[in-house]
Amino acid sequence: MKRRPKECYYLDIAETVLERGTCLRRNYGAIIVKNDEIISTGYNGAPRGRKNCIDLGICTREQKNVPQGERYELCRSVHAEANAIISARRSDMIGSTLYLTGRDAQTGEILNVAEPCSMCKRLIINAGIALVVSRVDENNYKIWRVSDWVDNDDTIESAE
């Protein structure tokens, strides 16, 4: 029997975490790992004490036909990455790796490369996380160096 690569092992755990997600569109699971220890986990869902989309049976972004990656302020959910970050101490996250995976809530299909949104990228940078590993499919993944997000800042628009 061939041993599963460590990246896939942690992505498998993140995939189990996403099963707690409460979004009607897409569910994500994130885990933060440092020195082969899981520091924290997170999945997407409404803030504690508030109703989730699955409880309400509606998704505002879906109702308004908002494309993926746009108008996050209409979403009830806190992203998986953000939930994992707020559940960990910063000192534990410095130099860590965040593993992220997602599934379509309707079809159950793995989302090909679940890339953090621009707001989550900012949180990841400030948390001190060094790498983000995202599932491509069951046995493949993509790795981002967080330092590249800092060096190649694409969030600043030129003032013309």
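Bear in mind that the values in this text are calculations on the coordinates, not laboratory data. Values in this document were obtained by computation on a predicted structure and should not be read as measured data. Cβ: placed from backbone, ideal geometry, glycine included. Neighbour counts: every protein chain shown.
Tabulated data for the structure shown
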{"read-out": "Two-site label geometry, Glu115 and Ile54: point separation in nm, points 7 Å out along Cα→Cβ", "value": "2.8"}
{"read-out": "Test item: Cα-centred dipole of the range 1-80, Lys/Arg +1 and Asp/Glu -1 on Cβ, debye", "value": "100"}
{"read-out": "Cα point-scatterer Debye curve for the chain, base-10 log of I(q)/I(0) at q = 0.10, 0.16, 0.18 Å⁻¹", "value": "-0.36, -0.90, -1.11"}
{"read-out": "Relative counts (whole %) of C-alpha pair distances in the range 88-160, using bins that are 5 Å wide", "value": "3, 15, 23, 20, 17, 12, 7, 3, 1"}
{"read-out": "Long-range HN-HN contacts of Ile39 with modeled amide H, under 5 Å", "value": "Ile32, Val33, Lys34"}
{"read-out": "Karplus 3J(HN,Hα) series, Hz, for the range 133-147 with 6.51 cos²θ - 1.76 cosθ + 1.60 (x for Gly, Pro)", "value": "10, 10, 6, 9, 8, 3, 10, 10, 8, 10, 10, 10, 8, 4, 4"}
{"read-out": "Residues whose placed amide H lies under 5 Å from that of Ile129, excluding near-sequence neighbours", "value": "Gly95"}
{"read-out": "The range 27-149, dipole about Cα centre (Lys/Arg Cβ +1, Asp/Glu Cβ -1), debye to the nearest 20", "value": "500"}
{"read-out": "Filtered trypsin sites (Lys or Arg not before Pro), the range 70-138: DSSP coil and at most 12 other beta carbons within 10 Å", "value": "Arg71, Arg89"}
{"read-out": "13 Å beta-carbon shell around Thr107, net charge (K/R +1, D/E -1)", "value": "+1"}
{"read-out": "Magnitude of the charge dipole, the range 38-94, Cβ model with Lys/Arg +1 and Asp/Glu -1, debye to 20", "value": "200"}
{"read-out": "In the range 1-88, the GluC sites (Glu not before Pro) that fall in loop regions by DSSP, at most 16 other Cβ within 10 Å", "value": "Glu19, Glu70"}
{"read-out": "Interchain or long-range residues, amide H under 5 Å from Ala114's placed H", "value": "Gly102, Arg135"}
